[in-house]
1. What residue among 320, 142, 782 has its Cα farthest toward the positive end of the dipole of the chain, where the charges are +1 on Lys, Arg and -1 on Asp, Glu, each on the Cβ?
2. What distance in nm separates the two pseudo spin-label positions at residue 532 and residue 99, each 7 Å out from Cα along the beta-carbon direction?
3. Quick one: of the DSSP bridges fully inside the chain, what percent are antiparallel, nearest 5?
4. Please give the charge dipole size of region 518-674, origin at the Cα centre, charges +1 on K and R Cβ atoms and -1 on D and E Cβ atoms. Round to the nearest 20 debye.
5. Using just the helices of the chain, give the 222 nm mean residue ellipticity in deg cm²/dmol: DSSP H runs with n ≥ 4 each add -39,500 (n - 2.57), and the total is spread over all residues, rounded to 500.
6. Given the Cα-Cα distance of residue 133 and residue 439 and 0.36 nm per residue of separation, how much length would full extension add, in nm?
7. Compute the FRET efficiency between residue 559 and residue 266 as 1/(1 + (r/R0)^6), taking r as their Cβ-Cβ distance and R0 = 60 Å, and round to the nearest 0.05.
8. What do you get for Rg/Rh over region 514-555 if you use C-alpha atoms and the Kirkwood form of Rh?
Amino acid sequence: MEDFEKLGAFYLGKRYDLQANKTTDDLVLYDSKDLNTHAVIIGMTGSGKTGLGIGLIEEAAIDHVPVIAIDPKGDLGNLMLTFPELAAADFEPWVDPREATRKGLDRGAYAQEQAKLWEKGLSDWGQSKARIAKLKAAAEVTLYTPGSSAGVPVSALQAFRAPDADLIDSDPDLYRDSVQATATGILALLGVESDPLTSREHILLSRVLDHEWRESRDLDLAGLIARIQSPPFDRIGVMDLDGFYPQKARFELAMRLNNLLAAPGFEAWLKGEPLNAAKLLHGSDGQPRISIMSIAHLAESERMFFVTLLLNEIIRWMRTQPGTGSLRAILYMDELFGYMPPVANPPTKTLFLTLLKQARAYGLGLVLSTQNPVDLDYKGLSNTGTWFIGRLQTERDKARVMEGLEGAAAGGEFDRGRMEEILAGLGKRRFLLHNVHETDDVVFNTRWVMSYLAGPLTRDQIKRLEPSGAASVTAPPAPAAVATPATKGLSTTPPVVGPGLASLYLPANTGDGDHLVYQPRLLAAATASFHQARLNIDEEREWTFTAELEAGPSGIDFDAAEDIGLALDDLESDAETDSQFLPAGSMSNAELTKTKTRFKRWLRTEHPIRLWKSTTLKAVSQPGETEGEFRARLQQLGNERRDKAVEKLRAKYAGKTRTLEDRLMRARQAVEREGQQASKRKLDTAISVGSAILGAVLGRRISRTSASKIGTAAKGYGGIRKEAGDVARAEERVAALEAELAALSEDFEAQVNELDAAYDAQADELKEQTVRAKSTDIDVRFIGVGFVPYWRDSATGILTPAFETPS
């Protein structure tokens, strides 16, 4: 295992010695759980902040931490350009042909040059092709383009989803912010500047959203237009609705929304995967995802609108998660300018401030990047625990950053003079790392990223990208049309299937046919109770199936039955007027009794509760939880246990290291007393041994190999022996301490390697367990006829389903 593959540690780069003006061999590792208190990246154009951000996201992927990345500039699509073989042919489609021409090379030759450059750069920073392959296999990477079909489209306007009901009661302030931010975003999309207290447009939209959401109803754009024209209330405050906002004016607002909906190209906002944070963070198999939301192609108002919807969705998801002290997911914003300004109040500002205050409790870390340090709400950023500061352009920028750092120090020690000196010495790809969880600030050079940095991707380039495991959202196939004779067999009265056999009707939707025709099928409904104390199962299930009435040799074929997803109370007792009926076979009372028995037996056999069990983490899935959802939860559980185990190791080895350092210092003092020629070199040598081991123990800054650093320290002591031959006993003591330190390092590495194998939930082999209901706990509530509606085209006799099974 490479030094920088420590569990829960992100390899960011190597420490830079400002006084010696050179990069050292000491690696800079960042504890992933420190991101729970969020991070901000600040640096001018060309400072290397995008490379730092991409490197951080790469490390998150390797550590099984999912990321949603908002990309206003178009740079983050480079995360999809990972080439494990570093072959020139892989680079060629993505190199800049103009740059090749400037260098006098054809595209192929320039691609070969770039491939060699990347291979050398990665090698210089201790990274291999195998690490690129590990990154590529660790997470699905997908580039979404809302409002465009260039990348993977995302449906942002299919519905304004209602928050969970418990949010309205448990956190009314957050709920109010969500309503107001959504209303502001919609009006911004229309180009309407609004104020929540004075704008009647804003007040009306907020009231409409609030009314529908409190009824747990999602609201699509068409529904919103209808509600604006005819709101579900007649007063706003103490005023009559028409007195506050006349019907004619409401119609004008509704028309503006309708015109937006009808505008060319706007249908792209309605297509694609739904805006669902859980699916953006994990694939259907539970594998972490890197979901890049590219919004560079959008107008400013469209960007604001989409980011508002996305932040609302992330907050909605966040509030459904249990609390944790480990990093669960990352929200990365590549350019914060305009979204959280110090004075203005765009809809995104309140949402970002909410996340900065609350997300840490749920394990959601924010990483906010900007090249405009003056246009930031530093009061809001006082909740940020980590600051990455790169080269700044103006003295004004430096002054604003200094104010922000002082605010983040919150009354703690802050050496302004030293900080100004450090900032003045920063260059390209060189950053100051200020982390409230560490005692010292560190200046470091960022590592070479594994993704090829091709620059902002064009629309044509995005179209050529192949989504790396984009979450498959397969729409259920439309029911096949049923061909029947135009008139033969149809009746205006329901067929009699059996004496006293009850019947119910599935509700029909609006369709394009001439007549509504019902097909009789067997309708069977039941409830079952599942109890299993050992697995903590106490569950109720309900089903309603339809099946073909014609029985085979073994009776009704329930294996081909369809679950209609409705309760009995949702079905209707009468047919629609002017409807027709297809013929049906008959069923005797004896056959009905046998069918009921077979149905009960089939339910018990084919519809148990299926659970997944991890023997490694000793955890069992919850009823209704898919394997993918369970693996995602397992990974978080594994990360939490890993972090606790690593903390115990750190505490254990840090204590031992401190003891050895103390002994080493006493040995040095003995050399001073005995030899009378002790020099500063001895102190430096002693500290180099202690620092190497301490860094390895704490996992933050370590040398390429701790053992080699210890070996270097030992060579230093060899020089001391030449200068003072009469300190042999002290040197023997130092040699013994060195051996103890080396053994301590090896023991630590061995225990960390064991943890690495134990806490990879993606590689865990899960066992399936089934819990069946007892026959006495299955209650067959209905066996009879269910009439399924179809629309009939009188010209062709073709029937198309008029009922859709809920998804």
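1. Looking along the dipole axis, the top candidate is 142.
2. Here the modelled spin labels are 5.6 nm apart.
3. Working: 68 of 103 bridges.
Taking every DSSP beta bridge within the chain, about 65 percent pair in antiparallel fashion.
4. Numbers: 26 positive and 28 negative charges, 483 e Å.
Value, rounded to 20: 2320 debye.
5. On the way: 22 runs with 321 residues, N = 807.
Using -39500 (n - 2.57) per qualifying helix, the result is -13000 deg cm²/dmol.
6. Working: separation 306, 0.36 × 306 = 110.16 nm, distance 3.50 nm.
Length gained between residue 133 and residue 439: 106.7 nm.
7. 0.85
8. Radius of gyration over Kirkwood radius for region 514-555 works out to 1.26.
The values are calculated or read from the model by the stated rules, or taken from the named source; none is laboratory data. Since the structure is predicted, the reported quantities are computational estimates derived from the model, not experimental observations. With ideal geometry, Cβ positions are generated from the backbone for all residues, glycine too; neighbour counts draw on all protein chains shown. Surface areas here come from the heavy atoms of the whole protein model, side chains and all, with no ligands, DNA or RNA. Shrake-Rupley method; radii C 1.70, N 1.55, O 1.52, S 1.80 Å.
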